[in-house]
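J.: The structure follows.
Nothing in this text is a laboratory measurement; each read-out follows from the coordinates by a stated rule. These numbers come from a predicted model, not from an experiment. Neighbour counts are summed over all protein chains in view; Cβ atoms, including those assigned to glycine, are modelled from backbone coordinates with ideal geometry.
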Amino acid sequence: MASLETALIHQHISPEISGAVVPPLVQSTTFCRDPKGDFIEGRDIYTRASNPNRRLLENKLALLEKGTDAACFASGQAATMSIFHSLGQNSHVILPDDIYYGTRVILENLYKNWNIEYTVVDMANSINIEKAIRPNTKLVWIESPSNPCLKIADIATITDICTQNRILTAVDNTWSSPYFTNPLALGADIVMHSTTKYLGGHSDILGGAVIWGDKLEADKAQSIKDYQSIGGGVPSPYDCWLLNRSLSTFFVRMAKHNSNAAELANFLSTHPKIERVYYPGLVNHQNHEIAKKQMTNGFGGMMSILIKGDEKNCLAVASKLKVFQHATSLGGVESLVDHRRTAEGVHSVSVGNLLRISVGIENIEDLIEDFAQALS
Ligand SMILES: *Cc1c(COP(=O)(O)O)cnc(C)c1O
């Protein structure tokens with residue numbers, strides 16, 4: 001197929017059978033065998049193991065991330081679990097200090113009995129990773145931009161360090177999305193997504209995905225696939241169908257998220273009531289040059305701001321916003337703000353005057369006006 005945009009719209013299950021322009025939803029949990037009772041080549045057997053709607057989705061995601069294969073899950077967390085699960089006991093993992101909260105909770109909580117240790121480092125500077133490597137380090141987990149301070153990690157440099165040390169690199173590419181970053185093309189072994197966010201795009205489907213290329217060893221890929229098909233944390237055919245539909249508009253949505261975010265970041269960064277804007281597209285961002293090098297098409301739809309004043313004042317601004325709704329999560333067509341300190345609770349490392357913004361695809365003048373009135 002000529003281009004990704006076209007492929008995402010035109011990939012199909014079996015148009016020759018149904019004639020349907022839109023891929024049909026296959027709800028069946030089981031599929032017929034041949035007269036001898038054998039499985040039929042190219043057909044599905046049982047929906048936990050594979051399903052036409054899920055396979056279509058996995059093909060599209062592998063294409064989008066420039067990988068060779070993908071496994072979809074019922075949530076981003078289940079996708080992350082499949083990667084940690086493949087490491088084995090007594091492993092050591094290196095995590096970014098600014099990591100999505102839930103990822104660290106998986107290691108702290110669910111893998112305690114596996115004796116998996118982790119070190120948290122500031123990945124804005126790749127040297128910190130070299131320093132943290134131990135003999136049993138099996139994985140470096142990257143988020144770029146990170147959550148919530150939009151730190152940029154140099155994916156190519158980090159994967160070089162890891163490849164030399166025979167350590168896997170997995171990138172949680174949820175925030176950037178494959179529209180802006182393709183970690184596999186930069187050398188990473190594994191990409192993970194919460195498809196709940198930009199890939200779903202409408203805040204109405206929970207899901208996750210793991211995507212990899214030829215660089216990943218076959219037994220690791222198999223371990224992830226086994227975790228999916230035997231473990232059974234799979235998305236329903238309907239969720240896959242919806243997500244396939246979301247991908248048809250992925251490129252137009254992302255272009256609008258990007259242009260809106262860039263304009264809003266410019267507006268906020270010169271506003272007298274704003275102390276700081278964390279957005280990798282701004283030239284004063286700590287790693288703007290690395291972002292420019294490794295991100296394509298722009299710098300994403302996410303940013304965080306520090307509002308002058310204390311936590312109470314920050315929450316007051318959030319409550320005055322009318323178009324931006326105050327809710328956790330991101331990547332939907334609607335704009336959201338999230339006060340991370342209250343969202344994350346007692347373990348939060350966020351400062352009290354930080355507001356995270358997921359810029360939607362509404363009219364940009366409405367978004368700017370909304371912040372102007374809330375800050376006034
Ligand atoms: C939301 C999110 C996750 C977890 O995904 P779920 O679909 O909620 O399980 C993981 N990483 C990042 C960066 C996220 O934003």
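J.: Order the peptides 257-267, 275-285, 182-192 from the highest to the lowest mean number of other Cβ atoms within 10 Å of their residues.
T.: Peptide ranking by packing, descending: 182-192, 257-267, 275-285.
J.: Still on this structure, I have one more. With contacts defined as alpha carbon pairs under 8 Å and 6 or more residues apart, what's the relative contact order of segment 237-376 in percent?
T.: It comes to 25 percent, rounded to a whole number.
J.: When the helix-only estimate is applied to the chain (DSSP H runs of n ≥ 4, each -39,500 (n - 2.57), divided by the residue count), what is the mean residue ellipticity at 222 nm, nearest 500 deg cm²/dmol?
T.: The helix-only estimate for the chain comes to -10000 deg cm²/dmol at 222 nm.
J.: Further question: Below 8 Å, C-alpha to C-alpha, sequence gap of six or more: please give me the relative contact order for the chain in percent.
T.: Here the relative contact order equals 16 percent.
J.: Rule-of-thumb check for segment 36-95: C-alpha Rg over 2.2 N^0.38 Å?
T.: Segment 36-95 yields a ratio of 1.46.
J.: Give me the orientation-averaged projected area of the Cα convex hull of segment 1-107, in nm², one decimal.
T.: 10.5 nm²
J.: Can you check how the C-alpha radius of gyration of segment 146-303 compares to 2.2 N^0.38 Å, as a plain ratio?
T.: Taking the Cα Rg and dividing by 2.2 N^0.38 Å, one obtains 1.15.
J.: Once each part is reduced to its C-alpha centroid, what is the distance from segment 29-48 to segment 116-185 in angstrom?
T.: Distance between centres, Cα-based: 41 Å.
J.: Work out, step by step, the length gained on full extension between His202 and Ile230: first 0.36 nm times the residue separation, then minus their alpha carbon distance; give nm to one decimal.
T.: Between His202 and Ile230, full extension yields an extra 7.1 nm.
J.: While we're here: Determine Rg/Rh for segment 239-310; Rg is computed over alpha-carbon atoms and Rh is the Kirkwood hydrodynamic estimate from the same atoms.
T.: Taking Rh as the inverse mean 1/r over Cα pairs, Rg/Rh reads 1.09.
J.: Taking springs between alpha-carbon atoms closer than 10 angstrom, which of Ala255, Ala78, Ala218 fluctuates most in the Gaussian network model of the chain?
T.: Of Ala255, Ala78, Ala218, the most mobile in the Gaussian network model is Ala218.
J.: For segment 272-289, take each phi angle, set θ = phi - 60°, evaluate the Karplus expression 6.51 cos²θ - 1.76 cosθ + 1.60, and give the result in whole Hz per residue in order, putting x for glycine and proline.
T.: Along segment 272-289, the couplings run x, 8, 9, 7, 7, 10, 9, 8, x, x, 7, 5, 8, 5, 3, 10, 4, 5 Hz.
J.: While we're here: Give the angle, between 0 and 90 degrees and rounded to the nearest 10, that separates the Cα long axis of helix 311-320 from the longest principal axis of the Cα atoms of the chain.
T.: Taking the Cα atoms of the chain, the angle to 311-320 is about 70 degrees.
J.: Then there is this: Under a plain spin-label model, where a point goes 7 Å from the Cα along Cα-to-Cβ, how far apart in nm are Ala2 and Lys293?
T.: 3.5 nm
J.: Okay, next question. May I ask you to list the lysines whose Cα is less than 30 Å away from that of Lys225, ignoring any residue fewer than eight positions away on the same chain?
T.: The qualifying lysines are Lys36, Lys60, Lys66, Lys112, Lys138, Lys197, Lys215.
J.: Residues in segment 311-353 near a label at Glu108, defined as backbone nitrogen under 12 Å from the 7 Å Cα→Cβ point?
T.: Within reach of a label on Glu108: 344-350.
J.: Can you tell me the orientation of helix 237-248 relative to the chain, as the angle in degrees between its alpha-carbon axis and the longest Cα principal axis, to the nearest 10?
T.: 60 degrees
J.: Once the piece of chain linking Lys322 and Thr157 is laid out straight, how much longer is it, given 0.36 nm per residue of separation minus the C-alpha distance between them?
T.: The span from Lys322 to Thr157 would gain 55.2 nm if fully extended.
J.: On to the next question. Placing one identical point scatterer on every Cα of segment 97-144 and ignoring solvent, what is log10 I(q)/I(0) from the Debye formula at q = 0.20, 0.21 Å⁻¹?
T.: Debye curve over Cα of segment 97-144, log10 I(q)/I(0) at q = 0.20, 0.21 Å⁻¹: -0.73, -0.80.
J.: Can you give the FRET efficiency to the nearest 0.05 for Glu217 and Phe39, using r as the Cβ-Cβ distance and R₀ = 35 Å?
T.: 0.80
J.: Here is a follow-up. Based on alpha-carbon positions alone, could you give the equivalent ellipsoid semi-axes of the chain from the gyration tensor, as √(5λ), descending, whole Å?
T.: Calculated on Cα positions only, the semi-axes equal 35, 26, 18 Å.
J.: How far, in nm, would the chain grow between Tyr46 and Leu306 when pulled straight, counting 0.36 nm per residue and subtracting the alpha carbon separation?
T.: Value of the extension gain: 88.6 nm.
J.: Is segment 93-200 rounded, prolate or oblate when judged by the Cα gyration tensor, a ≥ b ≥ c being the square roots of its eigenvalues, rounded requiring a/c under 1.5 and prolate requiring a/b larger than b/c?
T.: Oblate, since a/c reaches 1.5 and b/c is not below a/b.
J.: Moving to a separate point now. In degrees from 0 to 90, rounded to the nearest 10, what is the angle of the helix 155-164 Cα long axis to the longest principal axis of the chain?
T.: Taking Cα atoms only, the helix is inclined about 60 degrees.
J.: Cα extents of segment 282-376 along the three principal axes, largest first, in whole Å?
T.: Here the spans come out as 38, 34, 23 Å, largest first.
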